[in-house]
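Below is one structure; the comments refer to it alone.
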Amino acid sequence: MNRWWAIIREALTSARSQPVASVVSVIMVAGMCATVLLTTGRTVGAEQSVLGTIDSAGTRSIVVRADAEAGLTTTVLDRLANLDGIEWAGAFGQARDVQNAAFPDGTRVPVRLAWGNDLKKLGISNLPVADHSAVASAAALEQLGMPDDVGGVVSNDGQQYAVVGSLAVPDYLRFLEPLVIVPQTDTADTAPAPVSVLVVIAARPDLVAPVSQAVQSVLAADDVSKVKLFTSESLAQLRALVQGQLGSFGRNLVIIIFALTAILVAAILYGLVMLRRKDFGRRRALGASQSLIVALLLTQMAVLSMIGAILGSAAAAIGLAATGDPLPGWDFFAAVGILAIVTGLAAALIPALAAARRDPLKELRVP
């Protein structure tokens with residue numbers, strides 16, 4: 001440990017003794033990071049923004065609509081539980097119009113019975129009255145005239161439900177708005193109930209096609225002609241296309257920028273080695289090993305690259321924020337910084353090996 005601290009101190013002293021070369025190296029690495037972040041980073045930020053917009057439209061959703069005569073029941077959820085690639089599945093019954101019990105002539109909104117193995121994903125939990133407590137979206141609460149998110153609703157046939165809270169409607173259920181649902185307890189003693197709408201969310205966009213085929217195979221409807229399946233496969237394909245094209249452009253640009261910078265850094269360091277060949281020859285004559293010379297130069301470049309990466313990343317972040325461009329994410333910043341340091345070390349390797357292999361006797365004869 002003491003040996004490495006000694007190498008680090010010697011590397012810092014060497015960097016300070018040659019301020020021009022050190023500053024140029026820092027500027028080169030900082031410029032490399034800033035250029036990558038302001039070009040590819042801006043592209044990655046735009047890609048993430050575009051993909052976020054596409055994802056918000058539900059690139060993983062599969063919707064099955066069934067008529068009352070189709071014979072689709074809640075037993076389909078048990079069969080879906082045995083399939084891989086499904087993140088969430090929920091079943092909804094036929095819509096039944098309800099109104100605020102306090103306003104007989106109030107606006108009517110649809111209410112649906114809901115079944116699912118994990119309705120907590122919708123923010124539903126701790127309902128006071130099982131199978132009769134309802135939750136409503138903000139749009140439904142506004143139409144029902146319930147500013148406090150609580151109240152009673154009643155249907156035309158006299159069925160009553162207690163609205164006990166609000167519901168944050170995810171993107172894949174917005175087609176059901178205004179939404180009021182009554183979560184149902186799924187037990188072995190409960191008879192299968194008819195399903196009007198089945199929503200399945202695939203684990204990944206690329207699984208939409210195979211999952212939709214699997215869903216069709218387990219529906220077990222009495223009349224499949226009265227069942228329609230809608231998928232977001234086209235959106236998933238668009239997502240993959242956008243991601244592939246933007247990602248390919250970004251990778252090619254990064255490779256070019258880092259390769260050019262590595263060549264320039266290697267040239268600078270090689271020139272530095274030539275200027276200091278007497279110093280390296282003296283060190284070798286005094287007993288310094290080749291590995292020590294290599295470690296000294298690589299440590300010096302690592303420190304300079306780290307400083308340059310921090311300065312370049314900070315400058316790029318400020319520039320992107322000032323222009324209102326989306327930031328690519330801190331993981332991208334970290335990846336660019338680490339890659340910049342690795343590039344600096346790779347560029348310094350050949351000059352370091354050249355310095356370590358110099359003949360000490362020959363170098364000491366240089367005037």
With eigenvalues of the C-alpha gyration tensor scaled by 5 and rooted, the stretch 283-349, Å: 35, 10, 6
Label-to-label distance, nm, for residues given as ASP131 and ALA315 (7 Å Cα→Cβ offset): 7.0 nm
Gain in span if fully extended, PHE175 to VAL20, counting 0.36 nm per residue against the direct Cα distance: 49.4 nm
Overall form of the stretch 87-171 per C-alpha gyration tensor (a/c, 1.5; a/b vs b/c): prolate
Sites ALA209 and ILE338, calculated FRET efficiency, Cβ-Cβ separation with R0 30 Å, nearest 0.05: 0.25
Cα shape, the stretch 67-117, gyration tensor, a/c 1.5 rule: prolate
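Taken together, the values in this text are just the output of simple stated rules run on the coordinates, not laboratory data. Because the structure is predicted, anything quoted here is derived from the model rather than measured. Positions of Cβ are generated from backbone atoms using ideal geometry, with glycine treated the same way; all protein chains shown enter the neighbour counts.
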